[in-house]
1. In the stretch 228-244, is there at least one residue being part of a strand (DSSP E or B), more than 21 Å from VAL209 (Cα to Cα) and open to solvent by 30 Å² or more (accessible area, probe 1.4 Å)?
2. Among the residues of the stretch 155-175, is there at least one that is surrounded by fewer than 24 Cβ atoms within 10 Å (Cβ to Cβ), at pLDDT 95 or above, in contact with a Phe, Trp or Tyr (Cβ under 8 Å, 6 or more places away or on another chain) and among the charged types (D, E, K, R)?
3. Out of curiosity, is THR21 modelled with pLDDT of 80 or more and either open to solvent by 50 Å² or more (accessible area, probe 1.4 Å) or assigned to a helix (DSSP H, G or I) (or both)?
4. For the stretch 197-210, state whether one or more residues are at pLDDT below 95, farther than 29 Å from THR38 by Cβ and not in a helix (DSSP H, G or I).
5. So the check is Cβ under 6 Å with 6+ separation or different chains; which pairs have a first residue in the stretch 34-56 that's under 16 Å from GLN292 (Cα atoms) and of a type in the set (Gly, Ala, Ser) and a second one that's open to solvent by 20 Å² or more (accessible area, probe 1.4 Å) and modelled with pLDDT of 95 or more?
6. Examine the stretch 126-134 for a residue that is touching an Asp or Glu at 6+ places or on another chain (Cβ under 9 Å), in contact (Cβ under 8 Å) with a residue 40 or more places away in the chain, in a strand (DSSP E or B) and open to solvent by less than 10 Å² (accessible area, probe 1.4 Å), and state whether such a residue exists.
7. Residue check: is LEU285 modelled with pLDDT under 95 and under 26 Å from the mean Cα position of the chain (by Cα)?
8. Being assigned to a loop (DSSP other than H, G, I, E, B), within 18 Å of the chain's Cα centre (by Cα) and either modelled with pLDDT under 95 or of a type outside the set (Lys, Arg) (or both) is the requirement here; does GLY53 meet it?
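The values are calculated or read from the model by the stated rules, or taken from the named source; none is laboratory data. Worth saying up front: this structure is predicted, and the values here are computed from it rather than measured. Here the Cβ positions follow ideal geometry from the backbone for every residue, glycine too, while neighbour counts run over all protein chains shown. Side chains included, ligands, DNA and RNA excluded: accessible areas come from the protein's heavy atoms. Shrake-Rupley method; radii C 1.70, N 1.55, O 1.52, S 1.80 Å.
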Amino acid sequence: MSSPTGPANGLPVRMPRPRQTGRHRRPEPAVAPEGAPTLVLAVPGAPSAASRGLAEEIISMGRSELPGLEARIGFLEGDDADGAEFPALAGVLTAVAAERVARAEFARAAGHEVPVQSGPDAVVVPLLAGPDADLLRRIRQAVMDSTAAVELAEVLGPHPLLAEGLHVRLSEAGLARADRARLFTVTTAADGIIVATTGGEEAVQVAGVTGMLLAARLAVPVKAAALDQEGAVAAVAEQLRSEGSTQLALAPYLIGPEAAEGLLDTAAKEADCAVSEVLGAYGALGKLVVTQYAAALGIPQGAPAR
């Protein structure tokens with residue numbers, strides 16, 4: 001038996017915290033609806049332990065934003081074999097659809113009433129800061145090659161949180177003030193920044209939008225350039241120098257796996273400027289992934305508690 005204060009064996013009971021009342025109450029965190037589609041994070045680039053660890057960390061952050069979230073990882077250049085270390089995106093989607101059917105059949109066999117499933121089996125969220133045309137084409141092809149009903153979410157940017165992430169990476173490298181609200185200086189701070197990305201002209205335009213947000217944070221000129229276009233970063237560096245900047249920094253508008261190895265170092269040497277780290281597992285990426293997942297499904301987030 002248990003008592004009002006706890007079970008008979010004396011184990012502690014975690015009691016729910018009372019909801020705040022009034023106009024300043026905090027919003028109740030959203031929870032993934034029961035039976036919601038699986039979030040499948042589409043990871044570009046050559047699979048590696050590092051890219052898998054990055055994807056797992058971002059998914060972990062996403063689950064803290066949306067408790068109950070079911071999530072998987074699929075690699076664009078993954079392996080179709082069963083039990084593969086880096087499973088291919090199309091295979092992951094097919095498996096997700098099969099598992100959903102199997103769960104429903106098991107429930108029916110156990111005598112449970114199973115509602116008719118509506119909506120997609122999965123939502124694919126590209127692990128991309130901007131719209132890389134070639135990678136998005138390959139993601140769409142993987143979706144078509146699977147047997148799942150899939151909703152394809154938008155890429156993660158442009159977004160103020162990505163500008164914040166670029167700021168953090170620059171400050172970690174000693175290339176920008178850590179806090180834009182304080183007027184202290186950093187002797188190595190850049191007075192001109194190149195936001196560099198891959199994926200074509202549209203990707204550069206999107207990087208430019210985030211670059212404008214970064215410029216507003218740092219009050220220095222910021223221009224976007226294509227990493228995968230020969231000489232583009234060096235040309236933008238020359239333009240910034242002609243406009244008065246003398247100490248340049250390269251800020252990669254990349255999460256990491258989508259860029260070919262050595263691309264950043266080559267561009268930084270050609271432009272003769274310092275370079276910060278890629279966004280990587282920046283904390284806000286989990287929130288952005290869940291935001292795009294929720295937007296694809298029409299799930300409201302951050303609604304006030306009632």
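1. no
2. So far as the stretch 155-175 goes, yes, one or more of its residues are surrounded by fewer than 24 Cβ atoms within 10 Å (Cβ to Cβ), at pLDDT 95 or above, in contact with a Phe, Trp or Tyr (Cβ under 8 Å, 6 or more places away or on another chain) and among the charged types (D, E, K, R).
3. Considered against the rule, which asks whether it is modelled with pLDDT of 80 or more and either open to solvent by 50 Å² or more (accessible area, probe 1.4 Å) or assigned to a helix (DSSP H, G or I) (or both), THR21 comes out as no.
4. yes
5. These pairs meet every condition: ALA55/ILE73.
6. Yes, because at least one residue in the stretch 126-134 is touching an Asp or Glu at 6+ places or on another chain (Cβ under 9 Å), in contact (Cβ under 8 Å) with a residue 40 or more places away in the chain, in a strand (DSSP E or B) and open to solvent by less than 10 Å² (accessible area, probe 1.4 Å).
7. No, not satisfied.
8. In short, no.
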